[in-house]
Amino acid sequence: MKNEERLHNLRHSAAHLLAQAVLELFPGTKITIGPVTKTGFFYDFLPPENFKEDDLPKIEEKMRQLAKQDFAIKGKQVSHQEAKELFKDNEFKIEIIEGLDSSEPITIYSQGNFIDLCKGGHVASTGELGHFKLLGVSGSYWRADREGIPLQRISGVVFESKDDFEQYVKRVEEAKLYDHRRLGKQLDLFSFHEEAPGIVFFHAKGMKIFNNLVAYLRKLQDDAGYQEVRTPLVLHESLWKTSGHYENYKENMFFTNIEKATHCVRPMNCPGGVLLYKERPHSYRELPLRVAEFGVVHRCELSGVLHGMFRVRGFTMDDAHIYCTPDQVADEVAGVLKLTTQVYKKFGFENLKMALATRPEKSIGSDELWQTGIDALKVGLETSGFKYEINEGEGAFYGPKIEIHIKDAMGREWQCGTVQVDFFLPQNFDIEYIDSDQSRKRPVMIHRAIYGSLERFIGILTEHYRGHFPFWLAPVQACVLTITDKQMEYAGTVLARLKSHGIRVELDESGDQISAQIRHAQLDKIPWMVVIGKKEEAQGTVTLRHVDGKQEFGLTVEDLLARAKELNK
């Protein structure tokens, strides 16, 4: 919607409507907080018994009933004592009240018999909430503290118009149809198991996609002057204290004890990369030094937010760290954006959206260094010709960043790539380079990822292509099919020729009728079906059938190889 304030108010009021409906349906439930998010809203509850997905339609219907009553949404200010009296039976609200400035009045909002602590930003009445949908139930914790009280979160979306709502419902249904978890199982790409929640199990075909993505980016990085390294997965906790992660990111980290010493399973690759930089002195002539790593990281995500390949606990990052002088930062940022644009174009993502994320509340370093980093990112964006928006307070704890958003075939936006300027890791680890005057200077560190998480990117691609991966990326590029078993010998020759040229090809040896073989290949979404019958064998040719049903007759194997060479570029 064009009016962001209107959208915010709709979402905020929808969260209150949700809480009102839950309290009427489930007496004894305690409400906690219900903020607006970038895509909708949620409310966290402590119910007498956990909600189930089956409860959502009932809650949604109650919300509609309340909306039709068109309750006025009214705000007023009360004293701390009055607020405590209003919420005396809710320890969560009392804790919030006690954390507020006692010299300032507290704002509450009411609608019908429902009241809540709230700073405001609402529509005039519940009657304006006509187009909403609840999305799901998940687990959460009070104050996002894993040691705290476990809660139940219900999330939803709301729209201003019926058209917007119907378009959303259509996208949701489409997304269900092409859900990467369903397609991953159908195409034998990857799976998920309770024994390792939040971790992807890649099957052989899924690894083909994974390895092709790595190989494609690795070639581009080699051409762009990157060096590739590999660093350890588990490192002593002292490293993370030096880097600042222990203080600022501890709740997202996994720990293990080895010989009475605490080690951390890395949530990020950068501190290990810095240790490599410190291995020897560096001259200004080496800078910018571009170092890449396809590194596995683990982050302690709550079980309630895990979602297929989109939200995991273990994943592979296409990390790169660029060490450069301060006056090289803007050019390096521009270079990263150019490389990123090239990569995304390969997958059909051309209308990129850029956002510059600034200093979050929990961060390290001086305001001056932060502003220097923000300015450098702005110059890199502007010299690259990109328009961008500012995301206040959304940066990493160690520096500002550019967030790069792509839009898939279903119109959904995904934030994948990042470019981050970091003055603090070089400072914390005391890394240097020797300048032209022989003085020791501090390099600036740029963190860069394009795919972001390879697992997540593969999930996005699976849904974006609806399982029909382009030829160069498809796990199986071609399948050789025979009309009868009499053509098996010639089919074996064709198979061997294609394989010898690096084409990922299989031979259907099922003995099924050709119609069944074609159907199986179509269900497996294999781009090419190489059909061989008596005529093709006699002429030394093949019939090429595409997954969409189009056929080309009388092609030679050389024709296929030439075509494949072009498609594999």
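Every read-out reported here was derived from the displayed coordinates using simple, explicitly stated rules and does not represent laboratory data. Keep in mind it's a predicted model, so treat the numbers as computed, not measured. Please note: Cβ atoms are built from the backbone with ideal geometry, for glycine as well, and neighbour counts cover all protein chains shown.
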Using θ = phi - 60° and Karplus 6.51 cos²θ - 1.76 cosθ + 1.60, couplings along the range 195-203 (whole Hz; Gly, Pro as x)
5, 9, x, x, 10, 8, 9, 8, 7
Using the crude model of +1 on Lys and Arg Cβ and -1 on Asp and Glu Cβ, and no other charge, please compute the dipole size for the range 4-177 relative to its Cα centre, in debye to 20.
200 debye
With point charges of +1 on the Cβ of Lys and Arg and -1 on the Cβ of Asp and Glu, referenced to the Cα centre of the chain, which listed residue (PRO105, THR372, MET445) lies farthest in the positive direction of the dipole?
MET445
At a Förster distance of 22 Å, what's the computed FRET efficiency of ASN113 paired with LYS58, Cβ-Cβ distance as r, to 0.05?
0.70
Once you have a ≥ b ≥ c as the square roots of the Cα gyration tensor eigenvalues for the chain, tell me rounded if a/c is under 1.5, and otherwise prolate or oblate according to whether a/b is larger than b/c.
oblate
Neighbour counts of other C-beta atoms within 10 Å: give me ASP163, ASP435 arranged from fewest to most.
ASP163, ASP435
What FRET efficiency do you get for GLN438 and GLU389 if R0 is 56 Å and r is their Cβ-Cβ distance, rounded to the nearest 0.05?
0.80
Taking the Cβ of ALA215 as the center, what net charge do the other residues with Cβ under 11 Å away carry, scoring Lys and Arg +1 and Asp and Glu -1?
+2
By how many nm would the segment from ALA516 to LEU275 grow when fully extended, if each residue of separation counts as 0.36 nm and the alpha-carbon distance is taken off?
81.1 nm
For the range 152-168, in order, what is each residue's ³J(HN,Hα) by Karplus, 6.51 cos²θ - 1.76 cosθ + 1.60 with θ = phi - 60°, in whole Hz (x at glycine and Pro)?
10, 10, 10, 10, x, 9, 9, 9, 7, 10, 5, 4, 4, 5, 5, 5, 5
Write out the chymotrypsin sites (Phe, Trp or Tyr not before Pro) in the range 231-335 meeting two conditions: DSSP loop, and at most 13 other Cβ atoms within 10 Å of their Cβ.
none
So who's got an amide H within less than 5 Å of the one on LYS401, skipping anything under 5 residues away but keeping other chains? H placed 1.01 Å off N, in plane.
ALA357, ALA396
Express in whole angstrom the spacing between the alpha-carbon centres of the range 1-70 and the range 261-331.
39 Å
For the range 107-180, the Cα-Cα pair-distance distribution in 10 Å bins from 0, as whole percents, is 15, 29, 36, 20, 1
Distance from a point 7 Å along Cα→Cβ of ARG146 to each backbone N in the range 396-416: keep the residues under 19 Å and list them by number.
397
Hey, for a label at LEU100 modelled as a point 7 Å past Cα toward Cβ, could you say which residues of the range 76-93 have their backbone N under 12 Å away?
76-87, 93
Using amide H atoms built 1.01 Å from N in the peptide plane, name the residues 5+ places from ILE33, or on other chains, whose amide H lies under 5 Å from its own.
ASP44
Helix-derived [θ] at 222 nm for the chain: sum -39500 (n - 2.57) over DSSP H runs of at least 4, divide by residue count, nearest 500?
-11000 deg cm²/dmol
List the pair-distance distribution P(r) of the range 164-275, using every Cα-Cα distance, as the percent of pairs falling in each 10 Å bin from 0 up to the bin containing the longest distance, rounded to whole percents.
11, 23, 27, 28, 10, 1
So how far apart, in nm, are the two label points at ASP375 and GLU195 if each is 7 Å from Cα heading toward Cβ?
5.6 nm
VAL36 neighbourhood, Cβ < 13 Å, K/R = +1, D/E = -1, net charge +2
Mean shadow area (nm²) of the C-alpha convex hull around the range 478-567 is 5.1 nm²
Return the distance in nm (one decimal) between the two label points of a simple spin-label model at HIS405 and LEU567, each offset 7 Å from Cα along Cα→Cβ.
3.4 nm
Other-chain or far-sequence residues with amide H under 5 Å of LEU555's (modelled H)
VAL542, LEU544
The range 539-548 - phi-based ³J(HN,Hα) in whole Hz, Karplus 6.51/-1.76/1.60, Gly and Pro as x:
8, x, 10, 9, 9, 9, 10, 7, 5, 7
Stretched out fully, how many nm does the piece from GLN539 to TRP472 gain, at 0.36 nm a residue minus the Cα gap?
21.3 nm
C-alpha center-to-center spacing [the range 149-190, the range 526-544] in angstrom:
41 Å
Label-point gap, in nm, between SER238 and ARG6 - each point 7 angstrom along Cα→Cβ
6.0 nm
If every Lys and Arg gets +1 and every Asp and Glu gets -1 at its Cβ, then about the Cα centre the range 440-511 yields a dipole, in debye to the nearest 20, of 1000 debye
Proxy reagent accessibility, fewest Cβ within 10 Å first, across ASP367, ASP422
ASP367, ASP422
Run the paramagnetic zone check for LYS74: 7 angstrom along Cα to Cβ, then residues of the range 96-129 with backbone nitrogen under 20 Å.
105-129
Listing ASP512, ASP116, ASP327 from the residue with the fewest other Cβ atoms within 10 Å to the one with the most, what is the order?
ASP327, ASP512, ASP116
Taking the Cα centre of the range 478-567 as origin, sum charge times position over the Cβ atoms of Lys and Arg (+1) and Asp and Glu (-1), and report the length of that vector in debye to the nearest 20.
160 debye
If the range 4-177 were replaced by its equivalent ellipsoid, with semi-axes equal to the square roots of 5 times the Cα gyration tensor eigenvalues, what would those be, largest first, whole Å?
26, 19, 15
Reduced to Cα centres, the span from the range 440-454 to the range 196-221 in Å works out to 22 Å
